[in-house]
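A short worksheet on the structure shown next.
The values are calculated or read from the model by the stated rules, or taken from the named source; none is laboratory data. Keep in mind it's a predicted model, so treat the numbers as computed, not measured. Every residue, glycine as well, gets a Cβ built from its backbone with ideal geometry; the counts of neighbours run over all protein chains shown. Ligands, DNA and RNA are stripped out before the accessible areas are found, and what is left, the full protein with its side chains, is counted by its heavy atoms. Shrake-Rupley method; radii C 1.70, N 1.55, O 1.52, S 1.80 Å.
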Amino acid sequence: MKLRGRILDVACLNRFTRVVTTISKLTKVCVLRLTPDNLFFVLSGKVANGGIGMWCELSQANVFDEYQMEGVSSEDNEICLEVTPENLSRALKTVQSAKAVKVKLTKKHCPCLTIAAELPTMSSTSRVVTHDVPVDIVPRRLWHEFKEPSMPDFHVSVYLPPLKTMKNVVDRMKNLSNFLVMEANLIGEMNLKIETDLVSVTTHFKDLGNPPWGDDASQDGGPSHSREPEAMVQARVDIRKLQQFLMGQQVNPSKAMCNIVHERVVHLILLHEDVSLQYFIPAVA
């Protein structure tokens, strides 16, 4: 296995750093899956068993100016690494002013992603800073766990309100309850609700719009087919998991969407240029 990448464009380095930093706020450990065309950050939590799931995809061409990789074999031309995103984020943050950044898969005391940055200097001599980020090689037999998750057969899909507004609402609600009900309908309305023995609070969002998923979309031809457009579909989730998603958000998406499978799962999607981030929060009873 080989991996060599070179980043010369400061904007690409900055965007990649923001993506990795966002991932680091969502999970302590994840799998970085490398293919000839794409990079994927994957957390394959079993949502049915109460675990969080995450899938982040970006094109290598929009990160690296030069990119070479050789997978485990010509048939399985991929590399899967278990990484601690916070360590990778910390290393990338320290090299934001670099003239060039090289990323290599190396073998030191353990497998590492080595980040070598050529920093600007006042003199003619170059100054290189190197970070070794330890990784674990994921064996081939486990790769099936890190494939793209299938789109849940959702009952409703709605665009999210501005994430900053949503975060402020959720931050306040967290002081009152550990759980939050997210509900939405087919006329672009979404409510965030908490209910306890002492208090009941609801925040209403209107005119959000519903994404056009096409003819085979679940909300048109699936479980919601017989549902009244105004009828709410809901899922009760751990408020900390939603807050974690909103707090760590540095992708600045051009589109943010929410799919809800009634009382089963909340599926959040952020899209920005070439980057897509999917986050699955299981419902709780």
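Scanning region 250-277 for residues being over 18 Å from GLU195 (Cβ atoms), in contact with a strand residue (DSSP E or B) (Cβ under 7 Å, 6 or more places away or on another chain) and either of a type in the set (Lys, Arg) or open to solvent by 20 Å² or more (accessible area, probe 1.4 Å) (or both) gives a total of 8. Within the option set THR84, THR121, THR125, THR114, being of a type in the set (Ser, Thr, Tyr), surrounded by fewer than 20 Cβ atoms within 10 Å (Cβ to Cβ), out of contact with any Asp or Glu (no Cβ under 7 Å at 6 or more places or on another chain) and modelled with pLDDT of 90 or more holds for one residue only, THR84. Looking at GLY5, GLY71 in this structure, which one is open to solvent by less than 30 Å² (accessible area, probe 1.4 Å) and modelled with pLDDT under 95? Sole residue among the options that is open to solvent by less than 30 Å² (accessible area, probe 1.4 Å) and modelled with pLDDT under 95: GLY71.
Residues in region 176-208 that are open to solvent by less than 30 Å² (accessible area, probe 1.4 Å) and touching a Gly at 6+ places or on another chain (Cβ under 9 Å): GLY188, PHE205.
Give me a count of the residues in region 240-263 that are of a type in the set (D, E, K, R) and either at pLDDT 95 or above or part of a strand (DSSP E or B) (or both). Give the derivation first.
Of the residues in region 240-263, the ones of a type in the set (D, E, K, R) are 240-241, 255, 263.
Next, from what is left, pick out any that are either at pLDDT 95 or above or part of a strand (DSSP E or B) (or both): 255.
Counting residues in region 240-263 that are of a type in the set (D, E, K, R) and either at pLDDT 95 or above or part of a strand (DSSP E or B) (or both) gives 1.
Residues in region 128-154 that are assigned to a loop (DSSP other than H, G, I, E, B), open to solvent by 60 Å² or more (accessible area, probe 1.4 Å) and in contact (Cβ under 8 Å) with a residue 60 or more places away in the chain: GLU148, MET151, ASP153. The residues on offer are THR125, THR202, THR121, and the sole one that is free of Cβ contacts under 8 Å to residues at least 60 places away in the same chain and outside any loop (DSSP other than H, G, I, E, B) is THR202. Identify, please: which residue in region 37-68 is touching a helix residue (DSSP H, G or I) at 6+ places or on another chain (Cβ under 8 Å) and either assigned to a loop (DSSP other than H, G, I, E, B) or among the aromatic types (Phe, Trp, Tyr) (or both) and is, among those, most open to solvent (accessible area, probe 1.4 Å)? Out of the qualifying residues, it is ASP37.
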